[in-house]
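**Student:** Take a look at this one; I'll ask things after.
The values are calculated or read from the model by the stated rules, or taken from the named source; none is laboratory data. Treat the numbers as computed from the prediction; the structure is a model and nothing was measured. When we count neighbours, we look across all protein chains shown, and the Cβ atoms used for this are built from the backbone with ideal geometry, even at glycine. With ligands, DNA and RNA removed, areas are computed over all heavy atoms of the protein, side chains included. Shrake-Rupley method; radii C 1.70, N 1.55, O 1.52, S 1.80 Å.
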Amino acid sequence: MRTLITGGAGFIGSHLAEALLDTGHEVFLLDNLSTGSINNIIHLKGRPGFAYTIESITNEPVLAEHIDWCDVVVHLAAAVGVRLIVDAPVRTIETNVHGTEVVLKHAAKKGRLVVIASTSEVYGKSAAVPFREDADLVLGPTLKHRWAYACSKAIDEFLALAYWKEKKLPVVIIRLFNTVGPRQTGRYGMVIPNFVQQGLSGRPITVYGDGKQSRSFAYVGDVVRGVLALVAEPRAVGGVFNLGNPEETTILALAERVKRLTGNRSEIVNVPYEQAYEAGFEDMPRRVPDISKIQALVGYEPRVSLDEILAKVVAHFQSHPNEG
Ligand code: UDP
């Protein structure tokens, strides 16, 4: 199988590329390095079946040529991370909406299977936890930039499903829940790399808000397995799937675990949201996936627990002290 991964030099893309190469497939990455990094894929250079182009997906002639080559497109190129979304709202909307638009347009010309990476953020403030794929989306007002990310990804989902309905383009939509693991950067706000780097450097661990908000963290290797299982399953086409690990933790409990694990002696400090992000920032109180749909279709089960994930991330930052 030949797979084109847009955003392939990002954290998830680089793990997906590695898994495909390990199982004898060919991989082409297209990435403009806006948030991705050559460091994520340097270890793949020279492997048989591996190639990449540093270019934006909005360069349509280049995109079309790459889509022509592949059997499957996994579209991961996007503006992600709450910090980036709050700081660069124009870029978030344009990248996420226009990027997906051109990927679907060119994939439709060739009839290629497209996996669209969406996000658990689309469930917004919904209280219907755990979230099911057919549940209502509950978003805040347009005056709060955070919701632009969920809206941009919801539009991506609508457009992909429209291509399936109207043009019979095979699409699979995955809603990723807080995916974590080695090589994820803390630069765009993600909590685990930030906490682990703070823990290892002896700085205070910064919990935003009161820390009672919860998240469910999935190991990137588990997520990659889920993506590959869906790609291989013809009945996944036209479907929307939660992809995550239902193990839930509050952010305060996460900070305490990281503090213990890294031997950090500083205090855990609470930072008000308006100081961490911007005035009026809204966070979601709980986020847990219902994974029964993907379980029933492809037998998906997460294998790596939060403790194991944290151990891997700590080991990664210990061996790459200059990252992040
Ligand atoms: N968070 C935190 N300290 C940080 C970074 C994030 O307490 O240094 C919180 C953040 O407010 C949110 C949770 O951790 O409640 C997860 O944040 P992340 O940005 O990783 O993902 P998302 O908000 O998209 O779930």
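**Student:** Cα extents of the stretch 99-168 along the three principal axes, largest first, in whole Å?
**Tutor:** On the principal axes, the stretch 99-168 reaches 40, 26, 17 Å in Cα extent.
**Student:** Assign unit charges at the C-beta atoms only (+1 for Lys and Arg, -1 for Asp and Glu), then state the dipole size of the stretch 121-256 relative to its Cα centre in Debye, rounded to the nearest 20.
**Tutor:** Rounded to the nearest 20 debye, it is 340 debye.
**Student:** Here's another thing I want to ask about it. Could you sort 70, 151 by their accessible area in this structure, using a 1.4 Å probe and putting the largest first?
**Tutor:** 151, 70
**Student:** Oh, and also: Give me D for the stretch 202-267 in µm² s⁻¹, whole number, from Stokes-Einstein with Rh from the Kirkwood sum over alpha-carbon pairs, 20 °C and 1.002 mPa s.
**Tutor:** 148 µm²/s
**Student:** First measure r as the distance between the Cβ atoms of residue 247 and residue 201, then evaluate 1/(1 + (r/R0)^6) with R0 = 35 Å and state the FRET efficiency to the nearest 0.05.
**Tutor:** So the FRET efficiency works out to roughly 0.85.
**Student:** Measure up 109/168; 168/293; 125/259 against 19 Å on the Cα-Cα distance and list the ones that go over.
**Tutor:** Flagged as over cut-off: 168/293; 125/259.
**Student:** At 1.4 Å probe size, with every protein chain present, just tell me what the per residue accessible area of the chain comes to in Å².
**Tutor:** 42 Å²
**Student:** Count charges around residue 154 for me, please; just the other residues with Cβ under 11 Å from its Cβ, Lys/Arg as +1, Asp/Glu as -1.
**Tutor:** Charge balance in the 11 Å sphere: -1.
**Student:** Pulled fully out, how much extra length does the chain show between residue 232 and residue 64, if you take 0.36 nm times their separation in residues and subtract their Cα-Cα distance?
**Tutor:** Here the answer is 58.1 nm.
**Student:** Given the stretch 178-324, what percent of its DSSP beta bridges are antiparallel, to the nearest 5?
**Tutor:** 35 percent
**Student:** Over the stretch 34-184, one equal point on each Cα, no solvent: what is log10 I(q)/I(0) by the Debye formula at q = 0.10 Å⁻¹?
**Tutor:** One equal scatterer on each Cα of the stretch 34-184 leads to -0.39.
**Student:** I need the Debye-formula profile for the stretch 19-69: one equal scatterer per C-alpha, no solvent, reported as log10 I(q)/I(0) at q = 0.18, 0.19, 0.20, 0.27 1/Å, two decimals.
**Tutor:** With no solvent term, the Cα-only Debye profile gives -0.62, -0.69, -0.75, -1.11.
**Student:** Let me ask something else about it. On each of the three principal axes of the Cα atoms of the stretch 185-324, give max minus min coordinate, whole Å, ordered largest first.
**Tutor:** Computed over the stretch 185-324, the largest-to-smallest principal extents equal 50, 38, 22 Å.
**Student:** Leaving out ligands, DNA and RNA, what percent of the accessible area of the stretch 98-198 is carbon and sulfur, probe 1.4 Å?
**Tutor:** After summing per-atom areas, the C and S share lands at 57 percent.
**Student:** How far, in nm, would the chain grow between residue 168 and residue 109 when pulled straight, counting 0.36 nm per residue and subtracting the alpha carbon separation?
**Tutor:** 20.1 nm
**Student:** Give me the net charge for the shell around residue 211: Cβ to Cβ below 15 angstrom, other residues only, Lys and Arg +1, Asp and Glu -1.
**Tutor:** Charge balance near residue 211 sits at +1.
**Student:** Shifting gears a bit: Of all trypsin sites (Lys or Arg not before Pro) in the stretch 221-324, which ones are in loop regions per DSSP and have a Cβ with at most 13 other Cβ atoms within 10 Å?
**Tutor:** 265, 303
**Student:** Using DSSP, restrict attention to beta bridges with both residues in the chain and report what percent are antiparallel, rounded to the nearest 5.
**Tutor:** Of those bridges, close to 10 percent are antiparallel.
**Student:** Now a separate question. Tell me the net charge near residue 47. Cut-off is 14 Å between Cβ atoms, residue 47 excluded, with +1 for each Lys or Arg and -1 for each Asp or Glu.
**Tutor:** Every neighbour counted, the sum reads -2.
**Student:** For q = 0.12, 0.15, 0.17 Å⁻¹, what log10 I(q)/I(0) does the stretch 115-234 give under the Debye formula with an equal point scatterer on each alpha carbon and no solvent?
**Tutor:** -0.57, -0.86, -1.07
**Student:** Is the C-alpha gyration tensor of the stretch 239-308 telling us rounded, prolate or oblate? Criteria: a/c under 1.5 is rounded; beyond that, a/b larger than b/c is prolate, otherwise oblate.
**Tutor:** It comes out oblate by the Cα gyration axes.
**Student:** Taking 0.36 nm per residue of sequence separation and subtracting the Cα-Cα distance, how much length would be gained by fully extending the chain between residue 158 and residue 23, in nm to one decimal?
**Tutor:** Value of the extension gain: 45.4 nm.
**Student:** Moving to a separate point now. Express in % the proportion of alpha carbon pairs of the chain at distances exceeding 36 Å.
**Tutor:** In whole percent, the long-distance tail amounts to 14.
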